[in-house]
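These notes concern the structure reproduced below.
The values are calculated or read from the model by the stated rules, or taken from the named source; none is laboratory data. Predicted model only: the values in this text are computed from it and were never measured. As a convention, Cβ positions derive from the backbone with ideal geometry for all residues, glycine included, and neighbour counts pool all protein chains shown.
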Amino acid sequence: MTQPLQPKKSNKIAVMGGSFDPFHLAHLNSLLTVKECFKLDSIILIPSFKTPLKNRKSSSSFHRLNMLKELIKSYPFLQVDTQELSRKGISYTYITIQELLKKLEIEKLFFIMGLDQFYIFDQWKNYEDILKKSHLIVTSRPGLIFPKKQSELPKKLQRLFKKKEVLKSYQKLSLKQAYKDIFFVPLKDMDISSSDIRKRIKKGQTISHLLYKKIESYIQKNKLYTKQEKSLSQTETLIQFVLEELKQKKAYDIKLYNLSSKPLAFSFGLIVSTSNTWQTKALAKHLKKRIKTCFKINPLNEEGKESSSWIVLDYHDIVLHIFYDYTRNFYNLEELWQSCEIKI
């Protein structure tokens, strides 16, 4: 996530998951409509690492996350949670919702999905757990109609339906007492899909009418979905991962430098501060463990562990400098590397 989700009480929060490869105007239309209908305080976007029921491999997490960062600059009610990207593996919604509820005090949680996904919702892993913790908001999709009677619901959901209730309209569906409600929300038809956008880009066709402008600019700048798409090295992936871990651990004054033009053995330097030597040691230990778990690599070298006032973790092409504030001021690497800083 661009900023760690803060444990705060909120009346109404909705979650939308997906590969967002790329995020397009139909997604945005859905979010704006749902926010207005339900008077939501915020909506959390959760980019998936690997979607269970889709065979296609998504584009790099790095680019998909950066496109969402461009989006939320203009929409303050949106947040991004990167827990599925950090966990890697198959992204299961029931786990994601469990983790969110641990971090946030939420009086009413909604999960947003399209009608196409609703019709296969009973194939989702532990779908009943999702229904016990979160209301569903099901939005319309071109070419599909909302269920009007019990027999039109996904087969396994039919047994959760209140039999005494009749589906007179598609606005709300109440399930048995242990479960939350399902709401059906018609949208202004926008027949847009991420797969169609990717195909149009490959063919050199216009996409301006399908995408948020800043996302379109990002795609063009990085030549995404074309044969010339810039490959993302493991170093860049590792940098993005470390930055997110540092933010979640509330490290501060984080600075990143591209030092490839310098006569050094590494290309990137990352500097971060902690408020005491205990935190310096704890942060270094946490980063080593998380990088080992997710990337299967150990640092080539580690220095400063004994005093813990400045710990250096060397991962070949990137070197992490974790400083106790006073020591950072003494060495003042920023002055040496100032011209090479990358804004983050």
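Put simply, of ILE44, ILE112, ILE106, ILE97 the only residue that is in the same structural domain as LYS149 (by TED's automatic domain parsing), touching an Asp or Glu at 6+ places or on another chain (Cβ under 6 Å) and crowded, with 18+ Cβ neighbours inside 10 Å is ILE44. Among the numbered conditions (1) loosely packed, with under 12 Cβ neighbours inside 10 Å; (2) touching a helix residue (DSSP H, G or I) at 6+ places or on another chain (Cβ under 6 Å); (3) among the β-branched types (Val, Ile, Thr), the only one that THR293 does not meet is (2). Filter the stretch 284-310 for residues that are among the hydrophobic types (A, V, I, L, M, F, W, C), within 23 Å of GLN234 (Cα to Cα) and out of contact with any Asp or Glu (no Cβ under 7 Å at 6 or more places or on another chain) and give the result. Once the filter is applied, which keeps residues that are among the hydrophobic types (A, V, I, L, M, F, W, C), within 23 Å of GLN234 (Cα to Cα) and out of contact with any Asp or Glu (no Cβ under 7 Å at 6 or more places or on another chain), the stretch 284-310 yields ALA284, ILE291, CYS294, PHE295, ILE297. Among all residues of the stretch 173-190, there is at least one that is touching a strand residue (DSSP E or B) at 6+ places or on another chain (Cβ under 7 Å) and over 19 Å from MET16 (Cα atoms). Annotation note: of GLU306, GLU334, GLU341, the sole residue that is of a type in the set (D, E, K, R) and under 27 Å from the mean Cα position of the chain (by Cα) is GLU341.
Going by what's in this entry, would VAL312 be described as at pLDDT 90 or above, of a type in the set (Val, Ile, Thr) and surrounded by fewer than 19 Cβ atoms within 10 Å (Cβ to Cβ)? For VAL312, the condition - at pLDDT 90 or above, of a type in the set (Val, Ile, Thr) and surrounded by fewer than 19 Cβ atoms within 10 Å (Cβ to Cβ) - is met. Restricting attention to the stretch 125-142, the residues that are touching a residue at least 60 places away in the same chain (Cβ under 8 Å) and touching a Leu at 6+ places or on another chain (Cβ under 8 Å) total 2. The residues of the stretch 246-257 that are at pLDDT below 90 and surrounded by 15 or more Cβ atoms within 10 Å (Cβ to Cβ), listed by number, are LYS247, GLN248, LYS249, ALA251.
Suppose the filter is at pLDDT below 95, in the same structural domain as TYR179 (by TED's automatic domain parsing) and in a helix (DSSP H, G or I); does GLU84 pass it? Answer is yes for this residue. Within the stretch 143-170, residues that are under 17 Å from ASP122 (Cβ atoms) have Cβ atoms under 8 Å from residues that are of a type in the set (D, E, K, R) and at pLDDT 90 or above in these pairs: LEU144/ASP116; PRO154/ASP122; LYS155/ASP122; LYS156/ASP122; LEU157/ASP122; LEU160/GLU128, counting only partners at least 6 apart in sequence or on another chain.
For the stretch 145-157, taking the residues that are farther than 13 Å from PHE184 by Cα and at pLDDT 90 or above, the one that is surrounded by the fewest Cβ atoms within 10 Å (Cβ to Cβ) is identified as LYS155.
Of everything in the stretch 168-221 that is farther than 30 Å from LYS132 by Cβ, modelled with pLDDT under 90 and of a type in the set (D, E, K, R), the residue that is surrounded by the most Cβ atoms within 10 Å (Cβ to Cβ) is ASP189. Candidates MET113, MET67: the one that is at pLDDT 90 or above and farther than 25 Å from ASP181 by Cβ is MET67.
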